[in-house]
Structure formats: C-alpha cells, structure tokens
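Worksheet for the structure shown next.
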Amino acid sequence: MNRVAPLLAENDIRNRIAEGDETAFTELFGHYYSILLPFVSRFTRSEADAEEVLQETFVRVWLSREQLPDIDNLRSWIYTIASRQCLMVLRANLNNKKKINALYQQSPTEQVHDSASLAEITRLVGEAVSQMPSQRQRIYRLSREAGLKPQAIAAELSLSVSTVKNVLVLALKEIRSHLAESGHVFPLIYLLLHFF
Amino acid sequence: MWTEHTRQLFEQYINGQLTEAQAEELNRVPEEELLAFIQAHLEGGAAAVEDGQVEAAVIDPERVQDLAEQILAVDKRAHAPIKKMRRFAIGWLAAAVLIGLAIVFGGHFYRHWLQEKDLDELSSKNQQQRYHNDVAPPAGSKAILTLGNGQKVILDSAVIGLIKKQGNINIIKSDSGKLTYALISNKTSETEYNTLETGRGGQTSIILADGTKVWLDASSSLRYPTSFPGKERKVEIRGQAYFEVAKDPSKPFYVDVNGMRVSVLGTSYNIKAYDDESTRIVTLVAGAVRVTMDQGKTLEMAPGDQVKVGAAGEMSKAAHADVDAALAWKNGYFIFNGSDMTTLLKEASRWYDVEVENRKTANPRFYGEVPRNTPLSDLLKAMELSGKVKFSIQGNKIIVLP
C-alpha cells in the first residue's frame, strides 16, 4: 500500500515558506501534489493538464507566501484555487468537444489550453518587478535572485529587518495586483485575526 | 450544493462518456455549483488518501522537484542590473512613442498601397505570410459602471467585495467579476439609475436588486435602477444581452431597446440590437415575452421563437430558432449556423477589437463553431478551411482578400 507521509510541522513549513524558503515550498507542493493529482486528473481527464492545474494552484500559493502563516484554513484555500483551475480545464474540454465537431479539423492532442500560462505569469511578474521603485526592486531581487534572508538584506543595505520585511510584503502585493489586472485571479484568503 | 443531475453529468464526464448534448448541459450548470462539486471531490479524495483509505499516486520525486522549480522560477528571472534597467526603460518609452506614430501613418498609407495587384499577390501567399501577426483573445470584462452621480468605476481594477453602498443597496463584485446589487433592508430609499457598459472584447454579468441576472456582450450597455420599488421593473439596453428575469407576476419586467420594448413576467431570453447592425433580434429560451414596437405593433413569443425587427420596424417571427447560436457568445464560442461573412466579421471585430477591410464582393455563409478564448488566427483559419475566403492580418486589421 502506497501511503503518503503526513505533512509534519505544517506551521513550521508555512513560516519557512513565508521567509522565501524554497525547500519548504517544494515539500508543501510535493505533499499536495501526491494527494491531489489523481482527483484533479478526473476533472482534467489528462495527467499533463492535472500537473498544470497543480502548478497554477501553487504559483498562487507561492506568490501569496507572506500571508501563509496567517491563513485561517490553508488547506481549503488551496482546494478552492485548485477547483477554479480544474473548472477552467473542464470548460476548455467541454468547449473542445464542440470544436472537434466543427469544421475545425484539429486532433485533440494538438489542443493546448493555456500551457503558456506559467510563462505568462513569469512575464507579468517580471513586468511588475521592473516597475517597482528602485529600493523596493533592489530588496526584492536580493531576496529572490541572490536568495538572501531578510536579516542579510537588512545588514547589506543598513536597514532594519522589519523595514525589509515590510518592503517584501509590499512587493508581493504589487505583483499580485499586477497579475490580477491581467485576469490571473487570486481567490480571497481568510486570515486569522489576532486580538492581541 | 449540486443537483443529482449535475452529479450524473460529472460521472459521465469522468468516465469519458459525455455526449455533446450533455457537454453543453454541463457547461450551463451555474459556476458556483460546478465549483462546489469539484471542491468537495478534491477535498474528499485528498482526505481519503491521507487517511489511508485510498492509495496515493506513485510520485516521481524528480518530477515534483522539476515542477516546483518551474513555479519558483516565476519571480526569479535573471533581471538586468538595476542601473541598466533604468536607462533601458527610458529608451523603451521613446521607442513606444515612435512605434505609435508609425502605426498611425502606416494605417493611412495602407489604403493607398494596397492596390489590386498587391491583393492578388497576397492571395497567392500561404497563411503564415498573410498573417503578419496574431491578435490574442481579450482578457477581463472591460466593463465600466457609472453610478447615479456620474462617478465611474472601472470594474477590472475595482476591489473584490463591496464596491459601493447606494441607499439600501450594496454593490458587490464577486471574485469572478460579476456584480451583485444586494438589498440590505426593506426600507425604501431613493432609487438611482446606474449604467453598466462593456468595451470591445469585454463581457460581464450582473445580478440586479430583484434577482434578475443579465449577461452583457462586448460593446453593450445596460441602464437600470438600483432597486425596483414601483409597480414595474424597467431597464434599457444597447448591443447584446441575455436576461434571466426573476419571476414576479406583480411587477412586469420591461427592456427598452432602440424603439422596441420586450415585456416579460419571468423568463430567459437574448436580445441582440447593435447600432451597427440593422436587424434587432430577440430569442426566447424559456417563459413568455411580448415584443412591442414604438408604433404599437406587437408579437407574442413562445420558447424557441426568434423575432427579427428590421431597420424600418418590420417584424418577423420564426419558431424553432437556433437558441445555441444566439447564446454562443455567452457560452464562450462563435457559432456560425449559416451566418454570412459580414455578420461574422462584425462579431470578430467587436470581440478582438480589430478593424475589417473587406475587398471581397461575395458574402459567403459559414457553418461551424470556434471557441472565443483562442487567438484571432484560429477563427480565421477555421473560416478559411471552407475554401471560400482568404484573409490577411496586418496589425489590428483583418483584410478580406478578393
């Protein structure tokens, strides 16, 4: 029997992802990939499309990383995004069924629904980053391209750690809103409220 | 929740046994219902794997690593150093202005350049050479909401959630972009008229205060009151819209469009009445409506009926109309069911926001279906497959070759 290992210390993983830890993200992605792939495949009717749905889902998780520690129910948020992405493929398949019957003589395997989407997201993120004010851009790049932790960036630029963290939060917000303007939806997140 | 029928359709789909008719049916199930079904099954499935009731998929860790790296790469592109980027950005801006001018002049020159022999030469070229560029399908609703006080809200960039409170009405934007007018209390407050309009290549939908749902096609507008306290419900449209009118026999629902009135008690129907098309078309899906012209002429419609009104107000009614074709825009495709080329290209120009230069005298008819979320070239290629026509794409212009 092939069983999945439970995702231990999910809170710890969330905190690490929020700090930009790629290994922690890969671990989270791998966990959900293994439990969701068979069920997503049912709706996409192809494993390649299912992989894409999961990538599209987790690119949204990654670009919302600073919010992960506070998300009320991370699991159902992930399922909400995955369902939306499944629905898009489902719709494409349903419309495709019509298309094949039309004068359009294209074999179904030639049909690509939006596999360019991740590439487009990459392009839009690049656009958003290049439009940021220079200091914000520099901090964001030190974090993503040089892989520096907020503490290291703070030391490098003689800023406080909290300033760096705030700037990174702003940068991600800016990226998300730029993506949303181009129709890449981020479903609403329910955040935990801290009363103290 | 979802209906038993929806569950059965999904089962057929998952087993690969869905018929074309069922595919259409499934496509028409409300989005919330489809999402609820999918989400419940993802959650249920994943929980069963985690509990060990169902075997997990065999995963290749290298594959997972690959896929994860692709995700992580989205915001890790190698960018040019910051200083260089800046200079680059300025250079780019200058270039953008020049390109803009070049296009403007280019567009004017073309009319003189494209002589008959050029067109003949173009005709002999293959598709790839004729299609100088492609035009992507539009994204976003391109919708603008104008409030009673004249304030305009661009919906694509408006926040999701509460957009505005007007009297006892909350205007809410859902994350799918749909607008809802929700009544907060039964207290009567002043009713204002709002206008929702879409640009070329836009589509949007709205739920009015009485629960009536309206879908707006590209280049269309809907003017409606924020609530319906009176004895009748009255809205106005331009362009194309599909209505699912909430039943309320005590308050008839009127749609006024360009000298024509459609009256209903609760029903679903499509109205197409673009200013640049002389025929106004009403297609009834369910229920009963009456079409009345300003001059007093009236026709009653039953489901499946289609009424066409010409430029001079002449009316004709056909039974068993092609409802699918009339609603194709709302369901996300172009359907040509013997439609003539000029009408099809008008639709394409509204959707892709392109101009059409027609150098062909014949106006052939086409049969077939093409999704709307594909690039313009896909639509033109499909039409070319008929062998009746050849196109060239040049910038934002489609040229129909003679």
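The values are calculated or read from the model by the stated rules, or taken from the named source; none is laboratory data. On a predicted model such as this, the values are computed, not experimentally measured, just so you know. A quick note on method: Cβ atoms are made from the backbone with ideal geometry, for glycine too, and the neighbour counts reach across all protein chains shown. With ligands, DNA and RNA removed, areas are computed over all heavy atoms of the protein, side chains included. Shrake-Rupley method; radii C 1.70, N 1.55, O 1.52, S 1.80 Å.
Please determine whether any residue of region B:312-321 is within 16 Å of the chain's Cα centre (by Cα) and surrounded by fewer than 18 Cβ atoms within 10 Å (Cβ to Cβ). First the steps, then the outcome.
At the first step, the residues of region B:312-321 found to be within 16 Å of the chain's Cα centre (by Cα) are none.
Within region B:312-321 (the criterion being within 16 Å of the chain's Cα centre (by Cα) and surrounded by fewer than 18 Cβ atoms within 10 Å (Cβ to Cβ)), the answer is no, since none of the residues qualifies.
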Q: Quick one: count up the residues across region A:55-69 that are open to solvent by 10 Å² or more (accessible area, probe 1.4 Å) and not charged (D, E, K, R).
A: 3
Q.
Cβ contacts < 8 Å: first residue in contact (Cβ under 8 Å) with a residue 40 or more places away in the chain, restricted to region B:19-39; second residue hydroxyl-bearing (S, T, Y) and surrounded by 13 or more Cβ atoms within 10 Å (Cβ to Cβ), any location; separation 6+ or different chain. Result?
A. B:E31/B:S176
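Looking only at residues in region B:26-63 that are β-branched (V, I, T) and in a loop (DSSP other than H, G, I, E, B), which one is surrounded by the most Cβ atoms within 10 Å (Cβ to Cβ)? First the steps, then the outcome.
Initially, region B:26-63 is screened for residues β-branched (V, I, T), giving B:29, B:38, B:49, B:54, B:58-59.
When the remaining residues are screened for being in a loop (DSSP other than H, G, I, E, B), the result is B:29, B:54, B:58-59.
Numbers: B:V29: 16, B:V54: 19, B:V58: 8, B:I59: 16.
Looking at the filtered set, the residue picked out is B:V54.
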Q: Quick one: in region B:354-395, of everything that is acidic (D, E) and in contact (Cβ under 8 Å) with a residue 24 or more places away in the chain, which residue is nearest to the other protein chains (Cβ to nearest Cβ)?
A: B:E369
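Table: residues versus (1) in contact (Cβ under 8 Å) with a residue 40 or more places away in the chain; (2) not in a strand (DSSP E or B).
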residue	(1), (2)
B:V262	no, no
B:T283	yes, no
B:R290	no, no
B:G313	yes, yes
B:A325	no, yes
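Only one of these is among the hydroxyl-bearing types (S, T, Y), surrounded by fewer than 18 Cβ atoms within 10 Å (Cβ to Cβ) and in the same structural domain as B:S268 (by TED's automatic domain parsing): B:S205, B:S250. Name it.
On the way: B:S205 fails: surrounded by fewer than 18 Cβ atoms within 10 Å (Cβ to Cβ).
Result of the check over B:S205, B:S250: B:S250.
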Q) Assuming B:W351 fulfils every condition listed in (1) more than 28 Å from B:E31 (Cα to Cα); (2) of a type in the set (A, V, I, L, M, F, W, C); (3) away from chain A (no Cβ under 12 Å) apart from one, which condition is it? A) (1)
